[in-house]
Amino acid sequence: MEKQTGRRWAAVLICAALALVWAVQSSALDLSLQWDAPARLPAALAQQGDWRVSQDVWLDPGRYTVEWEGENGPEAFVLAPDALSADNREGVRLNEDGGPSFTVSGQRVRVQVWVDGQAPSARLTSGLFCERDGLLAVAALTAAAVLLLARGPRTGAQKAVLAVLVCCALASSLPVLTPGLPYGPDLHFHLTRIQGIADGLASGQFPVRIQPTAVSGKGYATSLLYPDLFLYPAALLRFAGVSLEGAYRFTILALNGLTAVIAWRAGRRMLGGSFAALLFCVLYTLSPYRICNLYVRAALGEALAMAFLPAVVLGFWLVLFRQPGGWPVLALAMTGVIQSHLISTIFCVAFGGLFCLLNLRRTLQKERLFALVKAAALALALNLWYILPWMRFSREDFNIFHLQFDVWDYALYPAQLFMTFGSVSGDAVRLGTLEGEMLLAPGLALLAAGGAVLLALGCAWRDGAPLPAPARLGGWAAAFAGLSLWLCTNLFPWALAQRLPVLGAKLSVIQFPWRFLTTASLFLALCAGALAAWKLGGLRRQAKALVLTAAFCAVLLPSAGQMLQKAAELPSYSRNGRLITDNLYDGQYLYVGTSAGELAARARPVTGGADLRVSGLSQRGNRLEFDWSGAGGEAMELPLTWYPGYEAVDGDGVRLACERGENGILTVRPQGDAGHMTVRYRGLWYFRLGDLVSLAAFAGLAGWAVVRRTGLPRPLRRRSKLTV
């Protein structure tokens, strides 16, 4: 036995060494520069000439070199066009000595190479470990291998479960195992969110409220209205030197693994067996609509919420049909959804409320009702750090609160639910045509599972047979799946609903009725698990393996078609590609009347009176610090988007009023004729109160978990007399 273990460790070390060689080889930048005539000449290049400029290249901190074809190349000007110099000029030269090498420090910047005259072929290169994507992959795989050898599954059944979960995670991650990131309509928005969190942390914000990357570096209130807790690991990877593409890949891989694990664990608690739980896990993790969200739409927020939906169902099931002591599961699951996607949160509240109403007798039992209240209170406390800023900014006159959406025009035809293949364009198509429509369907495998449960329930009702717990669970799942599918289609009177007073205007929040495929996929997969627990529990091991394999292939067929077709397209973003930082969702988080295009195109320097002089300027994200003179009492316009919560302090510690200027720019009116000024985003005082409450709730929950885990003495509780 010891000899076999030694061989396993040797194999791990050999594989780690080979992977390390690959990681070192792939960690350097080697990019061919393409030349073009410039549209305009930056202020940093005042002299006239026959200039040529390279493509935009986004570079992380590190040392880089422009290598020319041949021995000697022309003198190159390496510029960071968006950066501000200490004397308040837009555009900073990175190679002040005129040599081919330069250094990027601080944070990710957009870089251009300028040459006066015809430019020969050139490449932009770096030293080793410019990007640490490969090292991250090696470290993660090595850690996983060591963990499996040290504390991995011991029995054959445990190994089989692990194999299925790994296969689900990898099969649903095919596009991120290919070069580049396939395009989705929301891809650049979420890439900007990741980079914005990293830059916000670098500027001293925690938690990040205003992401400084967007609007050409002027800042955008994404984090105040769009939850992004689960993007912090990707942002921290950016600090470790991992590329933006690598951080996004890691997020998708981790998300798929998390989805598989949560689905399996929730299914095992509800269905009472590994086989039924694995069937539920396979069908849900690989469901076509979840894959569509991940890659065709690149709807990362909705995909994150889908990871926690099985736990939400488990939480309600525990509170209403088992002992209500499982209310922390419901609170934590709802926290996961709240911190992922607000529309999915609305769905959870609506379906959970309906479930409680349909089980009103159980809901009104004292301990169950108290458990629901405790779950709601804990979820509120854990998320107060996000809810308070959201409530405050939801009162602002932002474009997002004036959206008028014809929800009824984006419903599905019932026949679409049976589609197996579709477009990968990611476009939302209105009623009247199916040309270019995405695969907006639960998949035939999931529909078959729902139909099989209904057939089995019908046969049991005909025969008068008693229904075991899995059958009742399957009946509830089939009912809610049917409701979700009805809400997806134009069979539901969406047009009439939108004409209702008050409620009709709120329906625009949903935008697309086919979003209910989220809950439809969940409940149809649960139908399959319930049917397996009810009817297939007595199968032999080989038969169960065949059923799982058939389910895996059946659900993977339409999903793999989407993934591989998407991966075959030209990626919109690769390791050396351009990050589009002004994908603002039509300026939804800007004030009504603000022109997003003009705001983004506005020059970066600090401006004010004709005699204004600015020196010693430094900028870290949305934190500005500089000396000024000659303002003449006029307001200064800073290169920042105005939102409530900005703080400006002069050299004497006096706070200056921050106001909204023309087209949403931040303005500050200084005092005196000269001084020093520091501007940063701090938020409002009760934001910090919410932070403290959430931190205390998390600490209390962690302490409670430790007590349960370690078996320390706990106060005696009165035995419950509830009936199950």
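The values are calculated or read from the model by the stated rules, or taken from the named source; none is laboratory data. The structure displayed is predicted, hence computed values, not measured ones. FYI the Cβ positions are ideal-geometry reconstructions off the backbone, even for glycines, and counts take in every protein chain you see. Protein only, heavy atoms only, side chains kept; ligands, DNA and RNA dropped before computing areas. Shrake-Rupley method; radii C 1.70, N 1.55, O 1.52, S 1.80 Å.
Using a simple spin-label model with points 7 Å from Cα along the Cα→Cβ vector, what separation in nm is obtained for residue 695 and residue 499?
With each label placed 7 Å out from Cα toward Cβ, I get 5.4 nm.
P(r) for the stretch 40-178: what percent of alpha-carbon pairs falls in each 10 Å bin, starting at zero?
All Cα pairs, binned at 10 Å, distribute as 9, 29, 21, 14, 13, 10, 4, 0 percent.
For the pair residue 103/residue 360, report the inter-label distance in nm, with labels modelled 7 Å from Cα in the Cβ direction.
The answer from the label model is 7.2 nm.
Using alpha carbons only, how many angstrom separate the centre of the stretch 33-58 from the centre of the stretch 679-713?
Going from one Cα centre to the other spans 51 Å.
In whole percent, what relative contact order does the chain give with Cα contacts below 8 Å and a gap of six or more residues?
Details: 1284 pairs, mean separation 111.8, N = 724.
RCO, the chain: 15 percent.
Could you check the simple spin-label distance between residue 343 and residue 569, using points 7 Å along Cα→Cβ, in nm with one decimal?
The two pseudo-label positions are separated by 1.8 nm.
Compute the length gained on full extension between residue 421 and residue 395: take 0.36 nm times their separation in residues and subtract their Cα-Cα distance, giving the result in nm to one decimal. All intermediate terms of the calculation are to be shown ahead of the outcome.
On the way: separation 26, 0.36 × 26 = 9.36 nm, distance 4.25 nm.
Stretched fully, the residue 421-residue 395 segment lengthens by 5.1 nm.
For every helix of n ≥ 4 consecutive DSSP H residues, a contribution of -39,500 (n - 2.57) applies; sum these over the chain, divide by its total residues, and give [θ] at 222 nm rounded to the nearest 500 deg cm²/dmol.
Numbers: 24 runs with 345 residues, N = 724.
That calculation yields -15500 deg cm²/dmol at 222 nm.
How much accessible area per residue does the stretch 406-450 have, in Å², with a 1.4 Å probe? Don't skip to the end; give the middle numbers.
Details: 1850 Å² over 45 residues.
It amounts to 41 Å² per residue over the stretch 406-450.
If you take every DSSP beta bridge fully contained in the chain, what fraction is antiparallel? Give it as a percent rounded to 5. Working shown, then result.
Numbers: 57 of 59 bridges.
Around 95 percent of the beta bridges assigned by DSSP in the chain are antiparallel ones.
Using r as the Cβ-Cβ distance of residue 676 and residue 239, and R0 as 25 Å, what FRET efficiency do you calculate, to the nearest 0.05?
On the way: r = 29 Å, r/R0 = 1.16.
Step by step, r from the Cβ atoms, then E = 0.30.
Cut-off under 13 Å on the C-alpha distance; same-chain residues fewer than 8 positions from residue 159 excluded. Which aspartates and glutamates are left, in chain and number order?
Filter leaves no residues.
Dipole of the chain, Cα-centred, from +1 at each Lys and Arg C-beta and -1 at each Asp and Glu C-beta, to the nearest 20 debye?
Values: 64 positive and 48 negative charges, 1109 e Å.
Dipole of the chain, to the nearest 20 debye: 5320 debye.
Over all pairs of distinct alpha carbons, what does the Kirkwood formula give as the hydrodynamic radius of the stretch 385-435, in Å? Please report the intermediate quantities before stating the final value.
Working: mean 1/r = 0.0689 Å⁻¹.
Roughly 14.5 Å, rounded to one decimal.
Along the charge dipole of the stretch 43-120, pointing to its positive end and built from +1/-1 on Cβ of Lys, Arg, Asp and Glu, which listed residue (76, 117, 62) has its Cα farthest out?
So the residue furthest toward the plus end is 62.
Using only the Cα atoms, work out Rg/Rh for the chain, with Rh taken as the Kirkwood radius, to two decimals. Walk me through the numbers on the way to the answer.
Working: Rg = 28.4 Å, Rh = 28.4 Å.
The Rg/Rh ratio comes out at 1.00.
Under the 0.36 nm per residue contour assumption, what length would be gained going from the current alpha-carbon distance of residue 455 and residue 708 to full extension? Don't jump to the answer; show the numbers that get you there.
On the way: separation 253, 0.36 × 253 = 91.08 nm, distance 4.27 nm.
Separation in residues times 0.36 nm, less the Cα-Cα distance, equals 86.8 nm.
Once whole DSSP H runs in the chain are found, which of them have Cα atoms spread over 18 Å or more along the helix axis and a mean Kyte-Doolittle score of at least 1.0?
Membrane-span-like by this criterion, though nothing is claimed about a membrane: 133-151, 156-171, 300-321, 342-358, 366-382, 444-463, 469-488, 517-535.
State the dimensionless ratio Rg/Rh of the stretch 134-212 (Rg: radius of gyration of Cα atoms; Rh: Kirkwood radius).
On the way: Rg = 18.2 Å, Rh = 16.1 Å.
Rg divided by Rh gives 1.13.
Multiply the residue gap between residue 652 and residue 506 by 0.36 nm, knock off their C-alpha separation, and tell me the result in nm, one decimal place.
Details: separation 146, 0.36 × 146 = 52.56 nm, distance 4.82 nm.
In short, 47.7 nm is gained.
How would you order 156-167, 516-527, 205-216, 292-303 from highest to lowest mean count of nearby Cβ atoms within 10 Å?
Numbers: 156-167: 15.0, 516-527: 28.2, 205-216: 23.7, 292-303: 25.8.
Descending packing order for the listed peptides: 516-527, 292-303, 205-216, 156-167.
Please name which of 610, 139, 693 has its Cα lying farthest along the dipole of the chain towards the positive end, using unit charges on Cβ (Lys, Arg +1; Asp, Glu -1) and the Cα centre as origin.
Of 610, 139, 693, it is 693.
Taking 8 Å as the Cα distance limit and 6 or more residues as the minimum spacing, I'd like the relative contact order of the stretch 247-322 as a percentage. Each step should come with its number before you reach the end.
Values: 60 pairs, mean separation 27.0, N = 76.
It comes to 36 percent, rounded to a whole number.
At a Förster distance of 25 Å, what's the computed FRET efficiency of residue 39 paired with residue 121, Cβ-Cβ distance as r, to 0.05?
FRET efficiency, residue 39 to residue 121: 0.65.
How high is the FRET efficiency between residue 541 and residue 150 when r is their beta carbon distance and R₀ equals 45 Å, given to the nearest 0.05?
Working: r = 27 Å, r/R0 = 0.61.
E(calc), rounded to 0.05, equals 0.95.
What aspartates and glutamates could a cross-link reach from residue 506, if we take a straight Cα to Cα line under 15 Å and drop same-chain neighbours fewer than 8 places away?
Counting by Cα, and skipping residues close in sequence, residue 506 has these aspartates and glutamates nearby: 406.
In whole percent, and with a 1.4 Å probe on the protein chains, what portion of the accessible area of the chain is carbon and sulfur?
On the way: 20460 of 33190 Å².
Heavy-atom surface of the chain belonging to carbon and sulfur, 1.4 Å probe: 62 percent.
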